[in-house]
Amino acid sequence: MRLLVTGGAGFIGANFVHQTVRERPDVAVTVLDALTYAGDRSSLVGVEDAIAFVEGSVADAGLVDRLVGETDVVVHFAAESHNDNSLADPWPFVQTNLVGTFTLLEAVRRHGVRFHHISTDEVYGDLELDDPAKFTPDTPYDPSSPYSSTKAGSDLLVRAWVRSFGVRATISNCSNNYGPYQHVEKFIPRQVTNLIDGVRPRLYGAGLNVRDWIHVADHNAAVWAIIDRGRVGETYLIGADGETSNLDVVRTLSEVFGRDADDFDQVADRPGHDLRYAIDASKLRDELGWTPRFTDFRAGLEATVEWYRRNEAWWRPAKAAVEAKYAKTGQ
Ligand code: NAD
Ligand code: DAU
């Protein structure tokens, strides 16, 4: 199989490429990545010789047409992915998440190539803390931020291209990932690298917001299950029953570092901050037989902390600029 991986130098995409090279030697991987601030070729150290790497944008129609014409399957991770950035400057989110996905869809339509679209649970909006409901594939779309609304729009483009043009596509909407190679702007790596530096973790507001954490390796195993066995036109929700409040994440991380669990700073809240996400992944489990392997969240966090301790050269160059950006919004 020839596989084109967009966004393969980002957090989830790079983990997907490592996992694919390790477990599927029959797959010829080409990565297309624009190497924005969030993309880093050093995330692919160890697999560079096993893959082809192309630097470029998913919104570049000529380049995308050529690469899609040379592949059997596209898995589309590339996106602007950070909510806080989308509040400061939404335009790159429209360009990459909407125009980029449109550009890929037109190319897979022309070449008859199978397409898997990576999306987020944030397209469904948020839930009350005491709501027994979880998101299912039938939950109405109700995105809150410029990031989640552009992801919602990209999902709807995929659905329309399936129905109107017969494109062979699937969609997955996953909850919050954690693990190696995640950018230091994101919640868990930001707190881990603060703690390594002896700086107190920073909680938005009271920290009561709940995220449904899943290890990135479990997300990517689900993506492969969908590429292998998913039904064209279907949407699969990916989640591992990992609901945890931000406060509890910070407390656990502080304990892992041997610090007082309540020694953190409360900082300005995110405007429009989604309260709770929760995924019902029973369709994925029942239909495709997927189950998560990393079910002990504390053990997963400990392994992630260890990864950031050992790989300071990977994250250190981005840290100061990220903190300077957060300082401007009092976060
Ligand atoms: P990331 O920000 O770490 O990586 C994004 C990658 O896309 C980077 O390598 C970047 O250089 C690349 N990119 C950005 N614009 C591009 C363009 N125009 N052309 C080509 N490449 C471009 O993001 P991530 O956290 O790895 O997320 C990957 C995908 O998974 C996204 O689609 C995101 O919406 C989705 N997702 C993320 C999570 C999560 O918790 N991180 C959860 C569910 C879904
Ligand atoms: O749910 C899936 C989504 O998860 C993905 O689609 C996004 O790409 C990904 O970035 C993530 O979005 P969140 O906004 O949930 O993730 P983030 O890491 O930015 O924040 C997680 C929670 O932690 C959120 O409630 C905000 C809070 N937070 C974040 C930061 C950076 C803090 O309390 N302090 C912080 O310093």
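The values are calculated or read from the model by the stated rules, or taken from the named source; none is laboratory data. Keep in mind that this is a model prediction, so the values were computed, not measured. So basically every Cβ, Gly included, is an ideal-geometry build from the backbone, and we count neighbours across all protein chains shown.
For segment 181-211, a tally of residues being more than 8 Å from ligand 2 (Cβ to nearest atom), part of a helix (DSSP H, G or I) and of a type in the set (Val, Ile, Thr) returns 3.
Condition check for residue 53 on (1) assigned to a loop (DSSP other than H, G, I, E, B); (2) more than 16 Å from ligand 2 (Cβ to nearest atom): one failure, at (1). The residue of segment 295-331 that is surrounded by the fewest Cβ atoms within 10 Å (Cβ to Cβ), among those that are polar (S, T, N, Q) and closer than 23 Å to residue 87 by Cβ, is 329.
From the list 217, 206, exactly one residue is under 28 Å from residue 127 (Cβ atoms) and within 16 Å of ligand 1 (Cβ to nearest atom). Which is it?
Of 217, 206, the one residue that is under 28 Å from residue 127 (Cβ atoms) and within 16 Å of ligand 1 (Cβ to nearest atom) is 217.
Residue check: is residue 277 surrounded by 13 or more Cβ atoms within 10 Å (Cβ to Cβ), farther than 29 Å from residue 132 by Cα and at pLDDT 95 or above? Here the answer is no, as residue 277 does not meet what is asked.
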